[in-house]
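Asker: I'd like to ask you about the structure that follows.
Every number in this text was worked out from the coordinates using simple rules, so none of it is lab data. Note that the structure is a prediction, hence the values are computed from the model and not measured. FYI the Cβ positions are ideal-geometry reconstructions off the backbone, even for glycines, and counts take in every protein chain you see.
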DNA sequence: CATGTCCTTGACAACGTTGTCATCGGACTC
DNA sequence: GAGTCCGATGACAACGTTGTCAAGGACATG
């Protein structure tokens, strides 16, 4: 509804109301010191032209590098863990009028690099990253330039930044210990690529549960490099074909637990092979048997992450925080099946 | 790394390289007509100062209102349907370098209004809305100003815009018909607020399945206004206490189906009361019995939505499209339990 | 040697906005 | 009635960038 095509600008409003641009700016920003009749004329013109404030131009002129935007680089926004995290970030940011730019990395390092670049180019006020890269040295320039960055789920390597993670090793150890306590010895361990620090630590926790009991971990039953549910399903089917098949499975992530359950169903073993999963997920309690899991409190992780990031954006320059949240064991049935 | 605190600008780079700002601009934008030695000097200065292009300033000057941003207003990004939709929008937008601003509405009309306002203020290139308002007249000004808007899951009221929905009535009718065909007559029907058009149409489809057979729908067993799984669970428990309890349940949305399953489990009826749900969700096939559902192809919905929006952004001005996608019945077990 | 052409480079204005400062008219003081 | 003060309003520059155009040098042509 402007003179020249696009959106109306303050100039158009000023012309229609017969005032200067600056006066329009004053009215739009609800500043004091505008006579009532003038203010009304301007508001009328704003309404007539459907004028909308241009936040980008405003921020540019104000010099405040604040864009009111934060970037969230997660693994996959359609995965329940990432999605719940995104949601709690959103809730924390909403009250400040901060919006969230989210994107999925799918464990692809290149995508992380290009998305960070893109977000910096858009001048986000801060970044939440669940990294897919091994090292994040590439971020030092941004951090030095004052960009607040908080790592979530995985700790940073090669750059000083806050992080919010869970005790992966201890959690995995607790889950494995739970199975050992039922008398299981042939326990399978499923994890993702060893490059992924959480996967590595969960595997280490599995091993540690054995060694602390003075037992040797069952190396033949430990499979890593599993990408997704289908890979886990296939791996479990193969393990079940061994001469000495596992009597229990520790699945190092929610999708691997799901693949495991599919495999056990196929062989009719869901009631005879125990399963403990790392990560809770919706409906895990409605399965038969209900799935025993190591639960990370996603809401709490998201809130702490948002708190840290927003504090940095507000100028907190204290040394990097390393928040580690303890996971809990949720007993539901699948983990309490005794060995055959 | 700039002279005056914040990020380095082209001015800082120009000063360090001993060239004009315009030349820096040329190098940064990879324009032709810069002598090699000059180009190298500039690139060196860019690297030294960690210069990053300022997309906002660039877009402002270029006059192209293109921000390379689209807004996605969904019901709840942590719900599997919204999350899957967001993901497929992201995938479609990625190739064009378009980023996505997402937010959750939680069926709150006020939040929709304020978020649309916020996104317009940020000059998004287009909007995807799963509306929580009854009518969207408030959008006419934006649409008139040229903002592309695509409605998803629910059709627009009071404003001309594209939409991508599923055949809610036909889908619900198909699901109900499936239960009727097994011989069920006392079928419960669970739906959300009648204000929500999808809820209304699914309920209508339930009724139509009965009337087309010349039978009267069981009004006592039809409950609407159910917000979320807990409400559905409670409602089903009450229905089961009736003198003539339902022998089957048609649940009008994924969370209502989940609540239903919880209620049936509590009463030990999961193998004797049939359930058909509207909306598929992860792990529905792993429940016992596996859940029979009316499935909406979320990936397809997301892709079509993105296609429509991106075409509009690219200048398509044809009359509003109304894309309606047919859902499919996925038979898994819970819907094939015969009446007692 | 004058002229023309090509190529590289920079000065300047502008995108939409807001901070700074000046101007103007009227009301007040003595 | 002259001087002072105050509130309302506007002119101008600037945020970081890029389009337009002109200037300047190198080189070729006549």
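Asker: Just subtract the alpha-carbon distance of residue A:267 and residue A:21 from 0.36 nm times their residue separation and send over the number in nm, one decimal.
Answerer: Contour length minus the Cα-Cα distance gives 81.1 nm.
Asker: May I pose another question? Measuring from label point to label point, each 7 Å out along Cα→Cβ, what is the residue B:242 to residue B:186 span in nm?
Answerer: 0.8 nm
Asker: Using a 10 Å cut-off around each Cβ, can you sort B:87, A:202, B:213 from fewest to most neighbouring Cβ atoms?
Answerer: B:213, B:87, A:202
Asker: Still on this structure, please answer the following. Specify the angular offset, from 0 to 90 degrees and rounded to the nearest 10, of the alpha carbon long axis of helix A:229-240 from the longest principal axis of the alpha carbons in chain A.
Answerer: Helix A:229-240 and the main axis of chain A meet at about 10 degrees.
Asker: Same structure again: Once you average over the residues of A:84-94, how many Cβ atoms of partner chains fall within 10 Å of each Cβ?
Answerer: The per-residue average across the peptide is 3.
Asker: So what's the back-of-envelope 222 nm ellipticity for the protein assembly as shown, counting only DSSP H runs of four-plus at -39500 (n - 2.57) apiece and dividing by all residues, rounded to 500?
Answerer: -13000 deg cm²/dmol
Asker: Let me ask you something else. Between the range B:7-32 and the range A:167-228, what is the separation of their alpha carbon centroids in Å?
Answerer: 54 Å
Asker: Shape verdict for chain A, please, from the Cα gyration tensor: rounded (a/c under 1.5), prolate (a/b greater than b/c) or oblate.
Answerer: prolate
Asker: A follow-up question, please. Rounded to the nearest 0.05, what FRET efficiency do residue A:331 and residue A:170 give with R0 = 25 Å and r taken as the Cβ-Cβ distance? Could you check?
Answerer: Efficiency, rounded to the nearest 0.05: 0.90.
Asker: Could you list B:332, A:216, B:203 so that the one with the fewest beta carbons within 10 Å of its beta carbon is first and the one with the most is last?
Answerer: Lowest count first: A:216, B:332, B:203.
Asker: Label 7 Å along Cα→Cβ of residue B:322; the range B:133-147 residues with amide nitrogen under 17 Å?
Answerer: Within reach of a label on residue B:322, which here means backbone N under 17 Å from a point 7 Å along Cα→Cβ, the range B:133-147 contributes B:135-137.
Asker: Let me ask you something else. Would you mind calculating the relative contact order of the range A:70-224 from Cα pairs under 8 angstrom and at least 6 residues apart, reporting the percent as a whole number?
Answerer: In percent, rounded to a whole number, it is 18.
Asker: Mind running the shape call on the protein assembly as shown? Use the C-alpha gyration tensor, a ≥ b ≥ c as the square roots of the eigenvalues: rounded below 1.5 for a/c, prolate if a/b tops b/c, oblate otherwise.
Answerer: Oblate shape, in that a/c is at least 1.5 and b/c is the bigger or equal ratio.
Asker: Based on the Cβ-Cβ distance from residue A:96 to residue B:314, what FRET efficiency comes out when R0 is 45 Å, to the nearest 0.05?
Answerer: 0.85
Asker: Tell me the angle of helix B:197-211 to the major Cα principal axis of chain B, expressed in degrees between 0 and 90 and rounded to the nearest ten.
Answerer: 30 degrees
Asker: Could you grab the relative contact order for chain A? Cα pairs under 8 Å, six or more apart, rounded to a whole percent.
Answerer: Reported as a whole number, the value is 16 percent.
Asker: Shifting gears a bit: Alpha carbon centre of the range A:41-95 versus the range B:90-107: separation in Å?
Answerer: Cα centroid of the range A:41-95 versus Cα centroid of the range B:90-107: 13 Å apart.
Asker: Take the alpha-carbon centre of the range B:317-340, take the same for the range B:118-159, and report the distance between them in whole Å.
Answerer: Spelled out, the Cα-based centre of one part sits 26 Å from the other.
Asker: Neighbouring Cβ atoms within 10 Å as the yardstick, rank A:67, A:20 fewest first.
Answerer: The order, fewest Cβ neighbours first, is A:20, A:67.
Asker: Which angle from 0 to 90°, rounded to the nearest 10, does the C-alpha axis of helix A:36-49 make with the longest principal axis of chain A?
Answerer: 60 degrees
Asker: Given Cα pairs under 8 Å that are at least 6 residues apart, what percent is the relative contact order of the range B:10-53?
Answerer: Relative contact order for the range B:10-53 comes out at 43 percent.
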